[in-house]
Amino acid sequence: MKLKDEIAKRRTFGIISHPDAGKTTLTEKLLLFGGAIQTAGAVKSNKIKKHATSDFMEIEKQRGISVATSVMGFEYRDLNINILDTPGHQDFAEDTYRTLSAVDSVIVVIDVAKGVEIQTEKLVNVSRMRNIPIIVFINKLDREGKDAIDLLDEVEEKLGLNVLPLSWPIGMGQRFQGVYNLYEKQLVLFNPHGQQDEDESLTIKEPTLENLEPHIGTAAAEELLDELEIVTEVYDQFDRKEYAEGRQCPVFFGSAINNFGVKELLDCFVEIAPNPRPRITEERTIAPEEEAFTGFVFKIHANMDPKHRDRIAFVRICSGKFERNKFYHHVRKDAKLRFSNPTTFMASRKEIVDESYPGDIVGLYDSGNFKIGDSITEGEKLNFKGIPRFSPELFRYVINKDPMRFKQLDKGLIELMDEGVAQLFVKVMGTQKIIGTVGALQFDVIKYRLENEYGANCDYQPINIHKALWIEVINKEEFKDFEKRKAKDIAKDKDGNLVYLPETAWSLKMAQDNYPGIVFHETSEF
Ligand code: G4P
């Protein structure tokens, strides 16, 4: 098959949600439709439950699960679909941000009763920054929840999405009877106890009281007709291009646990969701159809067993064909590497692949060569963009507790940072090391892993930092002054970029006011 045809067959996407909205359940139902799994319950949730904060065995177990479910490939209607899993736990949000660099579209799951929650907001913001096409699935219609129109208003307002319902719910909770699929012009009836039945979808091109009434009763039919009238008046027509460019967001309603609304979602998804999209590098834009292979590492998963220190680097293929045992160029190291056991991830099993195509994710066994963001090519010097680091939210000094083992501590810290567990900043004055994380859990994970995998012993000390801001110097004179006055609050990130670490929001504001010739960025890529 030609490269072009392989590309046309691929759909690579991520599912994002606030914990408990139903991401795991939806993933599982999608895999069931794809025939990738046979029974419900086969996909384990990789969320780290609250009580696990200090339970490291639990973290280890969860990490094991998450490697198995990091990428789940399946075939559906002759297409190769890859779902990239994202951790639900907010302390691992950074991981999710990076995963979003490797997808071509996302599905956002929202709980009908809870509406838009904080984690959804953050993740959708990152998706929007990258113009990733988004489909919303409003879940748990079998329960009482918010009114559909109010909920869509909330999605528009809080997520800044231009929504467009492609299905419309008929009642909810006890009164939930199904949906009218506006995309296929079908009435799909809800059967709470069973699988969704193909026979229960009736094609009704022009819904009227007469043709709806026999199926859903007079009251529900009247209500549905009123609502459909509003829907047609208020919302735009579906426009594939608008969706593909991230400007229009189709919405579906359903109940994942009852396998209801999932098939409509999947059928529409495979039709409208984009194929592998071009990727931007610092040098140029890479089209997937280019013959030469290119890809980048967006995730590294370490084996927690100290006896097996290998890691798996997850590579998103961006162009050309990736072949097993062929020599490729590791751009950052300027080295030639060959991979004899690249793996693909078909639902919950891993297998060795001989060749992969744009949109695919391959896992490469790595003994420490890779870090997140690394590019692999056939020789061209390319650096993929779109894997920025975001300002951490929590900061602490790292203290070495065992002076005899400072080398182990240094090595451990560097390797853990390469994996993207947290961010390390080194103060320009005094060379003190600061770790920045998104959640408190990472500090425990780092301490535990330094001890168990590197034999190093560290402790933390509190430090007052509001945020980490990457410095862009426009006016050199101003920066000289800033550097002199604020030296104690300036550090370098692990790539040597300058970062301002103000103590308070107020100090940041003062710096912004006093130094218009310096730009303070909240992400490392600008
Ligand atoms: P997450 O990955 O987004 O965190 O959510 P997950 O799928 O684990 O679902 C969270 C809870 O919501 C689960 O219940 C799940 O069974 C339930 N759920 C998912 N979809 C629906 C739905 O359509 N309707 C209803 N009523 N519930 C739904 P749990 O009790 O937390 O877990 P479990 O014991 O059922 O596994």
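The values are calculated or read from the model by the stated rules, or taken from the named source; none is laboratory data. Since the model is a prediction, treat every value here as computed from it, not as a measurement. Virtual Cβ from ideal backbone geometry, glycine too; neighbours counted across all protein chains shown.
Candidates in region 359-396 are the residues that are among the aromatic types (Phe, Trp, Tyr) and assigned to a strand (DSSP E or B); of these, the one that is surrounded by the most Cβ atoms within 10 Å (Cβ to Cβ) is PHE384. Looking at ILE399 and the list (1) within 29 Å of PHE327 (Cβ to Cβ); (2) assigned to a strand (DSSP E or B); (3) in contact with an Asp or Glu (Cβ under 7 Å, 6 or more places away or on another chain), which single condition is not satisfied? Every listed condition holds for ILE399 apart from (1).
Pick from VAL136, VAL124, VAL155: which is away from the ligand (no atom under 13 Å from the Cβ) and part of a strand (DSSP E or B)? Exactly one of VAL136, VAL124, VAL155 is away from the ligand (no atom under 13 Å from the Cβ) and part of a strand (DSSP E or B), namely VAL136.
Within region 12-21, if we keep just the residues that are buried (at least 23 other Cβ atoms within 10 Å of the Cβ) and within 6 Å of the ligand (Cβ to nearest atom), the residue that is farthest from PHE314 (Cα to Cα) turns out to be ALA21.
Could we say that ARG98 is modelled with pLDDT under 90, basic (Lys, Arg) and touching a strand residue (DSSP E or B) at 6+ places or on another chain (Cβ under 6 Å) here? So ARG98 passes the test.
When we screen ASN258, ASN181 for residues that are surrounded by 20 or more Cβ atoms within 10 Å (Cβ to Cβ) and either assigned by TED's automatic domain parsing to the domain that holds GLY115 or closer than 30 Å to ASN383 by Cα (or both), the only hit is ASN258. Would you mention how many residues in region 236-254 are within 16 Å of the ligand (Cβ to nearest atom) and of a type in the set (Gly, Ala, Ser)? Of the residues in that region, 1 qualify. For region 37-52, the criterion of a residue being assigned to a helix (DSSP H, G or I), over 20 Å from the mean Cα position of the chain (by Cα), among the β-branched types (Val, Ile, Thr) and modelled with pLDDT under 65 is satisfied by no position. Scanning region 97-121 for residues that are part of a helix (DSSP H, G or I) and either within 12 Å of the ligand (Cβ to nearest atom) or in contact with a Phe, Trp or Tyr (Cβ under 7 Å, 6 or more places away or on another chain) (or both) returns TYR97, ARG98, THR99, SER101, ALA102, GLN119, THR120.
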